[in-house]
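Have a look at the structure below, then the notes.
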There are 2 protein chains.
Amino acid sequence: MKKLKRNERIGALMKILSDRPNHIFTYNYFTDIFNAAKSTISEDIVIAKELVEKLELGDIETISGASGGVKYSPRISKNKIDKFLKEIASKLSDKSRLIPGGFMYMADVLYHPDTVYNIGKIFATKFAGQNIDYVVTVETKGIPLALMTGKILNVPLVIIRRNTKVTEGPTVSINYLSGSTKQIQTMSLSRRAIPEGSRVLIIDDFMKAGGTAKGMQDMMKEFKAHVVGTGIMIATAQPANKVVSNYTNLLTLKGIDEDKEEIYVEPSI
Amino acid sequence: MKKLKRNERIGALMKILSDRPNHIFTYNYFTDIFNAAKSTISEDIVIAKELVEKLELGDIETISGASGGVKYSPRISKNKIDKFLKEIASKLSDKSRLIPGGFMYMADVLYHPDTVYNIGKIFATKFAGQNIDYVVTVETKGIPLALMTGKILNVPLVIIRRNTKVTEGPTVSINYLSGSTKQIQTMSLSRRAIPEGSRVLIIDDFMKAGGTAKGMQDMMKEFKAHVVGTGIMIATAQPANKVVSNYTNLLTLKGIDEDKEEIYVEPSI
């Protein structure tokens, strides 16, 4: 391939690094595709590093040694988090979302790729440096959030199923008590999904009493996995005492007033 | 903010465009964050445009007019598709994936963020220029693929549920015949999920006889939506006559031989 100019190399470098956050690219990878010397690539990386710091887009880190290289860890600034969560809170507070029975429609928000990508960045920023091996969720609505968090952290997603599936092979099933309805429910996960000793981040879209999150935490015990954190997009203010204590929710659903047709959602970080 | 140098601007431009494919960014967006004149930004965009062409990363398009701006449409080259699908086919052919009953474990592949991001790029390349409004799938295992396809196309995901959920509000439910087991199954979708007249792309992970894909196509009729295509990650060679005819599968499962402990998977595009 023809040699690229410096500005082209910086452009390509930023594109490659952002497409695959937290993946370690070797220097050889770039010397090959850019047809350039290692010293040139090193200079390019210094420029890219300063750039992401200047624009508060995260960190570019160089790792020395045999398995060394360069990786980009996106971060989202406190200002951007605040602005983004305010927008989401306002969107979710729209009364057209009211569903009879005191529920709130939020599939459009949870399934919007850019929205969940931003939420993934927030969770990845919150749980940075935790050496996470897997992001774990339970089907269905939290899957997009969990996948995008895994995309940013560069780790696989694990989806716990509500029912045992024949295509999963041998599974571990647990029963858990739904915190709000007090009904016994089941969740199930393929035995080969998570190796013993893994460090996992639990992600879910919604928490009321916390029964499902507790179920996922208990499931992780069966896999001898260490839960480094539990990230929830939106948790209800009531009941204040959840059955889990160790979680981070981005938004709080203060309440739904069906008579007044009002939904109260606030950022909580 | 301080002015950025050209190579910094190109780097930031590529980062911003690749983070949000197919989104139209206005020139003002860049003149603001780069603190630079429109003519300068135009020159930067020309450089970025040539760069993505040179590296076969897709197209950067400038749109004139009031709602004009610039957008990046990732494409993946035929060579890269071939190489990637061969790798996946080889990974799926590993005999450790055999599950008694003639099934194949593939959750690790389907839930790997980079793998599904690449598959999303392939589907987005295949169905480019179709003015797609929504990517539609049915829970559960196809969700990551469908979300990433939506991410690249910059359109929302819609997830059809297996059961009616109270949090979805009024729903449309249909019964369909599973093509392989001949059992009647149900799928359900919130009435507010898709406006009439939308153009949708159906994405799923697996197809045997095609009953589920047919069910999704029928569901779209209920929403008066136009199905522009159906993309499947892997379809079985048998039965050769599926109940749907109009679909694109990336891989073919030729067969599983439990006695010989062999799985035969081949790329099919």
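The values are calculated or read from the model by the stated rules, or taken from the named source; none is laboratory data. As the structure is a computational prediction, the values presented were derived from the model and not from experiment. Neighbour counts run over all protein chains shown; Cβ positions are idealised from the backbone, glycine included.
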Of the residues A:I152, A:I174, only one is in contact with a helix residue (DSSP H, G or I) (Cβ under 6 Å, 6 or more places away or on another chain) and closer than 24 Å to B:T115 by Cβ; which? A:I152
Quick check on this structure: which one of A:S173, A:S180, A:S198, A:S188 is closer than 22 Å to A:N249 by Cα and surrounded by fewer than 23 Cβ atoms within 10 Å (Cβ to Cβ)? A:S180
Going by what's in this entry, would B:I33 be described as in contact (Cβ under 8 Å) with a residue 12 or more places away in the chain, of a type in the set (V, I, T) and touching a Lys or Arg at 6+ places or on another chain (Cβ under 9 Å)? no
Set A:E61, A:E56: member being surrounded by fewer than 13 Cβ atoms within 10 Å (Cβ to Cβ) and within 24 Å of the chain's Cα centre (by Cα): A:E56
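Give A:A89, A:A66, A:A48, A:A37 a once-over and let me know the one that is of a type in the set (A, V, I, L, M), over 24 Å from the mean Cα position of the chain (by Cα) and surrounded by 17 or more Cβ atoms within 10 Å (Cβ to Cβ). Spell out the reasoning first.
Values: A:A89 fails: over 24 Å from the mean Cα position of the chain (by Cα); A:A66 fails: surrounded by 17 or more Cβ atoms within 10 Å (Cβ to Cβ); A:A37 fails: surrounded by 17 or more Cβ atoms within 10 Å (Cβ to Cβ).
When all the criteria are applied, what remains is A:A48.
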Within the range A:102-129, restricting to residues that are part of a loop (DSSP other than H, G, I, E, B) and in contact with a helix residue (DSSP H, G or I) (Cβ under 9 Å, 6 or more places away or on another chain), the one that is farthest from B:D19 (Cα to Cα) is A:Y105
When residues of the range B:243-256 are filtered for being farther than 17 Å from B:S90 by Cβ and not polar (S, T, N, Q), how many remain? 3
Report yes if B:S96 is within 12 Å of chain A (Cβ to nearest Cβ), part of a helix (DSSP H, G or I) and surrounded by fewer than 21 Cβ atoms within 10 Å (Cβ to Cβ), otherwise no. yes
On the given criteria, is B:V172 outside any helix (DSSP H, G or I), of a type in the set (A, V, I, L, M, F, W, C) and closer than 20 Å to B:N131 by Cα? no
For the range A:163-194, the count of residues that are basic (K, R), at negative phi and more than 10 Å from chain B (Cβ to nearest Cβ) equals 1
Residues located in the range A:142-159, provided they are more than 7 Å from every other protein chain (Cβ to nearest Cβ) and either surrounded by 24 or more Cβ atoms within 10 Å (Cβ to Cβ) or more than 30 Å from A:T125 (Cβ to Cβ) (or both): A:G142, A:L145, A:A146, A:M148, A:T149, A:I152, A:L153
Residue under question is B:A128, and the condition is that it be over 29 Å from A:S190 (Cβ atoms), touching a strand residue (DSSP E or B) at 6+ places or on another chain (Cβ under 7 Å), in the same structural domain as B:K86 (by TED's automatic domain parsing) and at pLDDT below 95; does it hold? yes
Filtered residues of the range A:245-269 (kept if among the aliphatic types (A, V, I, L, M) and either at positive phi or modelled with pLDDT of 95 or more (or both)): A:L250, A:L251, A:L253, A:I256, A:I263, A:V265
Among (1) touching a Pro at 6+ places or on another chain (Cβ under 7 Å); (2) touching a residue at least 24 places away in the same chain (Cβ under 8 Å), A:L57 falls short only on (2)
Quick check on my filter: what residues within the range A:44-88 are among the hydroxyl-bearing types (S, T, Y), closer than 20 Å to B:S18 by Cβ and either modelled with pLDDT of 95 or more or touching a strand residue (DSSP E or B) at 6+ places or on another chain (Cβ under 6 Å) (or both)? A:Y72, A:S73
Inter-residue pairs, beta-carbon under 6 Å, first under 26 Å from A:M14 (Cβ atoms) and in the range A:74-92, second in a helix (DSSP H, G or I) and modelled with pLDDT of 95 or more, 6+ apart: A:P74/A:K121; A:P74/A:I152; A:R75/A:T125; A:I76/A:K121; A:I76/A:I122; A:I76/A:T125; A:I81/A:I122; A:F84/A:N118
Considering only residues that are assigned to a loop (DSSP other than H, G, I, E, B) and under 18 Å from the mean Cα position of the chain (by Cα), which ones fall in the range B:194-224? B:I194, B:S198
Qualifying positions in the range A:143-191 - touching a His at 6+ places or on another chain (Cβ under 7 Å) and in contact (Cβ under 8 Å) with a residue 24 or more places away in the chain: A:N154
Considering only helices (runs of 4 or more DSSP H) wholly within the range B:1-89, the ones with at least 2 residues that are in contact with a Phe, Trp or Tyr (Cβ under 6 Å, 6 or more places away or on another chain) and away from chain A (no Cβ under 13 Å) are B:38-54
